[in-house]
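The values are calculated or read from the model by the stated rules, or taken from the named source; none is laboratory data. In this text the structure is predicted, and so the values were computed from the model without any measurement. Cβ placement follows ideal geometry from the backbone for every residue including glycine, while neighbour counts extend to all protein chains displayed.
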Amino acid sequence: MLPDWFKKMISDNRPLPLTATERFTQWSSLAYVLVGISMLLTSSLWGHIWNAELVGRTAGYIRLTGLPLAVEGFLLVVASRSLHNVPGHGHINITVVTRAVLVNLALWKLLQTGVAPVCYLAFFAVLDNSLAAGIFLVWFFTERGATLSLFFKEIISLLFRFPFGYWSSFAVLVAGIVQFPGALYLKNVDRLRTALSLDPSAGYSDVFLSMYFSLNVAHAVLYIFNGQAISRSFNASCVFCRVAINAPAVFLLAVANQVETSLAVFLVCTDVLFGAFILVFLFCDKEKDFQGEGEKSK
């Protein structure tokens, strides 16, 4: 039996049926969850699949990278199931753009520089592009009046609006805006190595640690667009993922000597601070709802 708060977070009792786009996003996003959990638990398997020798911190960083990949899948499941205060599917369709543009550019750069295993690049190229194409095609053939113009209009209109309504949506938006440039900056892991005295680079360790922050860039995009779309279920899932999943998992990786203690402290503190920031505004939402109910009863 799932607790009531978790059922509410994943919109278990959603009053409206899922659209075809939401349904496809929900089930296809589980691929990220499964791959991410597998990376977290069986780094040696993925090292073999990607032809990446597990030297230095490579195995630990593969495990670390599996964490945000699984979380991204979970956030997409929540985003696809939750009710939003904005019509359309802009909060989902933005993932098509980020996968088709940002992910492919990043993979192409890694291919050109030759710093990453080709099998690794091919795996994520196939995974991300197939899911992006699937979402777009399902939306295009099932959405009434779907055109390429409408596709981009929904995304752009969602980007340039203010999340009136719940304070927690504003908090999620701010968190995404802060996290986007921060994670983008830390993709260059040499900056972290100097600041946190990380172990010297060995094998493909830098590639996988950099991927961890690349995935956090993708999380930031989800924060920004779902914050604009206004969904308390998604806002609650942001806190849940950071406090109940990320922080404990990174702590255990540090205890198992899979990642450096200094790196773990930095990541845990970051997650707890972001989670606490959003949580405060979630409580403000509850107080607002309570006051509203009191006024209605008068």
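Quick look at the numbers
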item	result
Cβ-Cβ under 7 Å pairs, at least 6 apart or on other chains, segment 5-26 side within 11 Å of Ala79 (Cα to Cα), far side part of a loop (DSSP other than H, G, I, E, B)	Ser11/Ser82; Ser11/Leu83; Gln26/Leu18
Unique match (being small (Gly, Ala, Ser), without any contact (Cβ under 8 Å) to a residue 60 or more places away in the chain and over 21 Å from Ala59 (Cβ atoms)) among Ala229, Ala183	Ala183
Single residue of Val272, Val221, Val265 found to be surrounded by fewer than 21 Cβ atoms within 10 Å (Cβ to Cβ), of a type in the set (Val, Ile, Thr) and more than 19 Å from the chain's Cα centre (by Cα)	Val265
Elements of type helices (runs of 4 or more DSSP H) contained in segment 1-111, each with 2 or more residues being more than 22 Å from Val268 (Cα to Cα) and polar (S, T, N, Q)	20-28, 90-97
In segment 178-195, residue nearest to the chain's Cα centre (by Cα) [restricted to those that are more than 17 Å from Leu102 (Cβ to Cβ) and loosely packed, with under 15 Cβ neighbours inside 10 Å]	Val178
Every residue from segment 197-218 that is buried (at least 16 other Cβ atoms within 10 Å of the Cβ) and among the hydrophobic types (A, V, I, L, M, F, W, C)	Leu198, Val207, Phe208, Leu209, Met211, Phe213, Leu215, Val217, Ala218
Residue under evaluation Asp285, criteria (1) within 27 Å of Phe6 (Cβ to Cβ); (2) at pLDDT below 95; (3) out of contact with any Ser or Thr (no Cβ under 6 Å at 6 or more places or on another chain), criterion not met	(3)
Qualifying residues in segment 227-262 (those that are among the small types (Gly, Ala, Ser) and under 23 Å from Asp199 (Cβ atoms)) - the one surrounded by the fewest Cβ atoms within 10 Å (Cβ to Cβ)	Ala256
